[in-house]
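One structure is given here, and the rest of the page talks about it.
We did not get these values from a lab; they are worked out from the coordinates using the rules stated. Small disclaimer: the values here were computed from a predicted structure and weren't measured. All Cβ positions, glycine included, derive from the backbone under ideal geometry; neighbour counts span all protein chains shown.
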Amino acid sequence: MRIASLSRILAHFASIPLLISGVAGCAVKERTNPLPQTYLEGSDISVVDKTLPFKHAYIDPNLLEEQYTNVWFRTVTADTLPKDSWLASKGTLLSKESEYKKLASELADYFKQELIEKVANYKNGVMSVVDSAQPRGLIFDIALTELEFSHPIQKAGFMLVPIPASSLVFNTVSDPHVAFAAKVYDAQTGKLIATLADRRFPPTRLLDVNRLTLSSSAREICDTWADIIAEGLNRERFADVPDRGFFAFLPW
């Protein structure tokens, strides 16, 4: 009897690498799907400016150096999210579309506030934040185009399962994520001079307490984007902007 039980246990543990491999394949596919065309209709979102770590970044090559000195984050909205987006986040703690829309709107507001604060407080920054169109200014209009919140109940269950790497498996299978798209205009002429778009997942952690709440992981992603945009706006020609953990593996 003991030998049979031991065999079952060993077989169970032996299946873990296969499980991780299988679910990782699904996650990789999700992460490599093309960005949605939402909000940037008519733009070629396959274009990538290598000075910004986004899946899509187009900056008008004819812009003059040091042309802009201020930025207005005019809108950050969640209103363009596809109608059925909320179903991916549906769970014990989020059971209604109205709840999803409320959290999505709060996330958009949070993203806007982080952008304002990160740019305004950038050390030795050259860009000021304004609340209207100004000479030598940029205007950002941003939309969240994908949004999946965390699944705290399911995540907590996986963390309690005494199986090595079970938490890591869950991180791979059930990935909260966010995508955004942005249009950037010259404040004086109204000309569209840049478009940006990206999809991000929180860094993989062995123990990710952020995913024990609905929106902490999504906010972490918005923090990363705000850092990148603040650095891009305050450095010459968006040069040397680091990728803040796109494929990072963090212990906590």
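Other residues with beta-carbon under 13 Å from the beta-carbon of Y110 carry, at +1 per Lys or Arg and -1 per Asp or Glu, a net charge of -2. Less than 21 Å apart at the alpha-carbon level, and either on another chain or at least 8 residues along: which lysines does that give for K102? In chain and number order, the partners are K83, K90, K112.
Can you give the % of DSSP beta bridges in the stretch 26-146 that are antiparallel, to the nearest 5? Restricted to the stretch 26-146, the bridges split so that about 10 percent are antiparallel. Sparse packing (at most 15 other Cβ atoms within 10 Å of the Cβ) combined with a DSSP loop state is found for the following GluC sites (Glu not before Pro) in the stretch 58-144: E65, E66.
The HN-Hα couplings worked out from phi for the stretch 94-108 by the Karplus form 6.51 cos²θ - 1.76 cosθ + 1.60 (θ = phi - 60°) are 9, 10, 10, 4, 4, 5, 4, 5, 5, 5, 5, 5, 5, 5, 4 Hz, whole numbers, x standing for Gly and Pro. Other residues whose C-beta falls under 12 angstrom from the C-beta of P36 contribute a net charge of -1, scoring Lys and Arg +1 and Asp and Glu -1.
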